[in-house]
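Asks: Starting off with a structure, shown below.
The values are calculated or read from the model by the stated rules, or taken from the named source; none is laboratory data. Here the structure is a predicted model, which means the values were calculated and not measured. Backbone-built Cβ (ideal geometry, glycine too); neighbour counts: all protein chains shown. Areas reflect the complete protein model, heavy atoms only, side chains present, ligands, DNA and RNA absent. Shrake-Rupley method; radii C 1.70, N 1.55, O 1.52, S 1.80 Å.
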Amino acid sequence: MSNAVVDRRIRSLRPPKPQVDPYKAHGSVLDDERRPGGKVENALTVFLAGAECPFTCSFCDLWRFTLDGPTPPGALTRQLERVLRSLDGPLPDRLKIYNASNFFDQRAVPLEDVLGIARLAGPFSAVTVESHASTISPRTLEFARQLTGRLEVAVGLETIHPVAIEQLNKYLDLARFDWAARFLLENGVDLRVFVLLGAPHVPAAESVAWTVRTVEYAVERGASVVSIIPVRGGNGEMERLQGLGQFTPPTLSQLEESLDLSVKLSGTVVTADLWDVERLPACEHCRSGRIARLRRLNLTGRVEPRLACSKCGAE
């Protein structure tokens, strides 16, 4: 089946998209995050509203936060300006810009906004943007040169499972990821990597093992930070695959195990993405304590014993 046919099927199963204002960011979050070497940075993450990614990944739910057409020139700059003006107190160390697409796709981030964002990012010591491996190019280095601080690019590797990587409809193979990783590192740009837990087409019993293997792959290719992201349902395609037995929603226990096995990898910060973590199947009696443990582990990198629970028998 061609990618175009798969694209149409995935899009046909989506629920209606909410209305998105091209001149208003979806929101922002201030939090602390651990960096290589043990330093803890204060980071501002801004969720910008722009054009949808051209790659129709089967697991994606970020399309809900995008526009139907190209991003209007100047819109992203205006969004970021409004967020920065609303801040109280000293500026954070790091600015993370997530636009639910690819920062180096000119349809999503027009040149006018690349320049505007670089100007606004001047006071920050580090800047993180997100990009598909295929949109990393000399344009990435041009943006890095415009920044006062150091650039980091977040790239979705997702999984190295040989069947799943072909079925995600991500238009990505390992050779392309490897090239992008080398290109960034050889040019002084940091690499952050996203890895999926519960990737479709990976048997549930092997999910944690393949997640850890994928984290190891990213570490071997120079990732400074790796974030383990549990796959979320709700886009229609995940429900279709679940009905076919090709997707099993990940659990909180699997996220704990994946992080416990990955966090000791030398030289790289490995964290669990806790966005919507409350949606993960888990025992209601011990859920909050286990999530609190993950938050501590994300920040300290120090493994601590799992919580014992008399209700579910977890230990």
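Asks: In 5 Å bins starting at zero, report the fraction of Cα pairs in the stretch 1-55 per bin as a rounded %.
Replies: Whole-percent P(r) values from 0 Å outward: 4, 13, 14, 14, 13, 13, 11, 10, 7, 1.
Asks: Restricting to lysine pairs 8 or more places apart or on different chains, what number in the chain have Cα atoms under 27 Å apart?
Replies: 7
Asks: Express the carbon and sulfur contribution to the solvent-accessible surface of the chain as a percent, rounded to the nearest whole number, probe 1.4 angstrom.
Replies: 52 percent
Asks: Here's another thing I want to ask about it. Toward the positive end of the charge dipole of the chain, about the Cα centre and with charges on Cβ (Lys, Arg +1; Asp, Glu -1), which of 222, 159, 124 goes farthest?
Replies: Going by the charge dipole, the pick is 124.
Asks: Convex hull over the alpha-carbon atoms of the chain: what's its volume per residue in Å³?
Replies: That works out to 136 Å³ per residue.
Asks: Further, regarding this structure: Calculate the spin-label point distance for residue 185 paired with residue 312, positioning each point 7 Å from the Cα along the beta-carbon direction, and give it in nanometres.
Replies: 3.6 nm
Asks: Name the trypsin sites (Lys or Arg not before Pro) in the stretch 77-177 that are in a loop by DSSP and that have at most 16 other C-beta atoms within 10 Å, would you?
Replies: Qualifying residues, ordered by number: 107.
Asks: For the chain, can you list the cysteines whose C-beta has no other cysteine C-beta under 4.7 Å from it?
Replies: If one checks each Cβ against the other cysteines of the chain, 53 turn up with nothing under 4.7 Å.
Asks: Sticking with this structure for a sec: For the chain, what does -39500 (n - 2.57) per DSSP helix run (n ≥ 4), summed and divided by total residues, give at 222 nm, in deg cm²/dmol to the nearest 500?
Replies: -9500 deg cm²/dmol
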